[in-house]
Structures are given as structure tokens and as C-alpha cells.
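J.: Have a look at this one.
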Amino acid sequence: MENPLDEILKISHLLPASVLQDINQRIGDWLAAMGGKDTDPYIEQQLRFAKRFVK
């Protein structure tokens, strides 16, 4: 499986700026506050949200 952040980046042009900004903020908060990794399930959850939004 590809890195979830890379996958989000690939579809980022399909997302409205406000949605992309929200995802970016959530991921940034997760990584900073929780010490998470870019492959954590929470990041994958954000990717699933982005993919559902694009559909």
C-alpha cells in the first residue's frame, strides 16, 4: 500500500480548498500533538474521507 499522505497529494487537485485545508489541519494536529506517523490509521481515515468526497 502506498503512503496515505502521498495518495492524498495525488487527489488533492480534486478537492475544494476548504476540504483540503481541513484534512491538512487534522493531519498536522495528529502528527504534532499525538506524535503520530504518516502511516497511522488516522491518516488512512483522512484518505478514505478524501476519496469519498471526490466520489
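J.: Just need a number here: residues in segment 26-53 that are polar (S, T, N, Q), at pLDDT below 95 and assigned to a helix (DSSP H, G or I).
T.: Taking segment 26-53 and keeping what is polar (S, T, N, Q), we get 39, 45-46.
If we keep only those that are at pLDDT below 95 too, we end up with 39.
Right, trim to assigned to a helix (DSSP H, G or I) and you get none.
Total satisfying the criteria: 0.
J.: Let me confirm something: among Val19, Val54, which residue is of a type in the set (Val, Ile, Thr) and exposed (fewer than 14 other Cβ atoms within 10 Å of the Cβ)? Don't jump to the end; show me each part of the working.
T.: Values: Val19 fails: exposed (fewer than 14 other Cβ atoms within 10 Å of the Cβ).
Sole residue among the options that is of a type in the set (Val, Ile, Thr) and exposed (fewer than 14 other Cβ atoms within 10 Å of the Cβ): Val54.
J.: Now a separate question. Any residue in segment 32-43 that is of a type outside the set (D, E, K, R) sitting within a Cβ distance under 9 Å of a residue that is surrounded by 10 or more Cβ atoms within 10 Å (Cβ to Cβ) and part of a loop (DSSP other than H, G, I, E, B)? List the pairs, counting only those 6 or more apart or interchain.
T.: Met34/Asp40; Thr39/Asn3; Tyr42/Met34; Tyr42/Gly36; Ile43/Asn3; Ile43/Gly36; Ile43/Lys37
J.: While we're looking at this one, here's another question. Mind counting the residues in segment 22-51 that are small (Gly, Ala, Ser) and surrounded by 13 or more Cβ atoms within 10 Å (Cβ to Cβ)?
T.: To start, the set of residues in segment 22-51 that are small (Gly, Ala, Ser) comprises 28, 32-33, 35-36, 50.
Next, from what is left, pick out any that are surrounded by 13 or more Cβ atoms within 10 Å (Cβ to Cβ): 36, 50.
So the count comes out to 2.
J.: Among the residues of segment 13-25, write down those that are part of a helix (DSSP H, G or I) and either under 15 Å from Arg52 (Cβ atoms) or hydrophobic (A, V, I, L, M, F, W, C) (or both). Outline the logic, then answer.
T.: Within segment 13-25, the subset part of a helix (DSSP H, G or I) is 13-14, 17-25.
Within segment 13-25, Leu14, Ala17, Val19, Leu20, Asp22, Ile23 qualify.
The values are calculated or read from the model by the stated rules, or taken from the named source; none is laboratory data. Since the model is a prediction, treat every value here as computed from it, not as a measurement. Don't worry about glycine lacking a Cβ; one is built from the backbone with ideal geometry, like all the others, and counts go over all protein chains shown.
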